[in-house]
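One structure is given here, and the rest of the page talks about it.
The values are calculated or read from the model by the stated rules, or taken from the named source; none is laboratory data. Keep in mind that what you see is a predicted model, and the values were worked out from it rather than measured. Virtual Cβ from ideal backbone geometry, glycine too; neighbours counted across all protein chains shown.
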């Protein structure tokens with residue numbers, strides 16, 4: 001009976017340790033998703049995907065290459081912000097000097113908040129932020145926008161992610177316009193020549209590739225994406 005009582009008394013402590021371990025594991029598992037939503041990765045990846053679709057080359061380059069390129073460009077554009085987030089708390093957690101993931105996350109949170117606010121202001125995402133706040137039942141006064149400290153991170157992150165998708169679609173639309181012009185010109189030319197059985201993509205694809213390579217399109221689009229993010233990074 002005494003042994004059974006000791007085992008029963010020890011259960012809450014063991015359960016508490018297991019809960020802490022599970023919470024830590026979940027926190028580490030959510031770090032990549034949180035960083036993807038709090039960085040410029042969605043904008044860059046979606047824009048590059050639309051570019052690939054506009055070229056009409058199917059799955060070339062592959063998703064792995066496209067994801068790697070988007071990650072590299074994200075690190076290039078957000079180097080100072082990610083470095084500040086790392087030194088703010090993630091570094092101590094990785095080195096073992098701090099065993100509390102919540103404290104580490106709070107230390108890394110402020111640089112990312114400043115980055116997200118800067119991008120929202122630079123790209124005109126105030127409307128998206130106001131929509132998210134209204135959906136959560138938070139009153140928004142158009143004449144007096146709320147201060148940054150009054151907006152919690154759980155409201156800021158979805159507003160930032162939705163605004164990044166909006167910006168990516170706008171950039172994709174601009175990128176697709178030259179390709180659309182080539183497709184329409186080729187289709188009209190083939191129709192005027194009576195070549196109705198010839199697929200327009202058979203002729204337009206080499207023309208689009210030639211034009212894209214001539215202007216060094218991958219470097220041009222990548223540089224534009226990086227510079228667009230850097231302009232919104234607070235100094």
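A compact table of results
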item	result
Selected residue [more than 18 Å from the chain's Cα centre (by Cα) and at pLDDT below 90] from 193, 176	193
Test result for residue 172, under 26 Å from residue 72 (Cα atoms) and either touching a residue at least 40 places away in the same chain (Cβ under 8 Å) or not in a helix (DSSP H, G or I) (or both)	yes
Tally, over the stretch 115-132, of residues that are within 17 Å of residue 154 (Cβ to Cβ) and either modelled with pLDDT of 90 or more or assigned to a helix (DSSP H, G or I) (or both)	9
Test for residue 212: is it under 30 Å from residue 79 (Cβ atoms) and either at pLDDT 90 or above or part of a helix (DSSP H, G or I) (or both)	yes
Residues of the stretch 202-223 satisfying the condition of being over 18 Å from residue 61 (Cα atoms) and in contact (Cβ under 8 Å) with a residue 40 or more places away in the chain	204
Output for the stretch 135-150, where each listed residue is in a loop (DSSP other than H, G, I, E, B) and surrounded by 10 or more Cβ atoms within 10 Å (Cβ to Cβ)	136, 138, 140, 145, 146
Tally, over the stretch 56-73, of residues that are in contact (Cβ under 8 Å) with a residue 60 or more places away in the chain and within 15 Å of residue 171 (Cβ to Cβ)	1
Test result for residue 93, on the phi < 0 side of the Ramachandran plot, in a helix (DSSP H, G or I), out of contact with any strand residue (DSSP E or B) (no Cβ under 7 Å at 6 or more places or on another chain) and modelled with pLDDT of 90 or more	no
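For (1) touching a strand residue (DSSP E or B) at 6+ places or on another chain (Cβ under 6 Å); (2) surrounded by 13 or more Cβ atoms within 10 Å (Cβ to Cβ); (3) at pLDDT below 80, each residue gets a yes or a no:
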{"site": "24", "(1), (2), (3)": "no, yes, yes"}
{"site": "29", "(1), (2), (3)": "no, no, yes"}
{"site": "37", "(1), (2), (3)": "no, yes, no"}
{"site": "45", "(1), (2), (3)": "no, yes, no"}
{"site": "55", "(1), (2), (3)": "no, yes, no"}
{"site": "64", "(1), (2), (3)": "no, no, no"}
{"site": "68", "(1), (2), (3)": "no, no, no"}
{"site": "73", "(1), (2), (3)": "no, yes, no"}
{"site": "76", "(1), (2), (3)": "no, yes, no"}
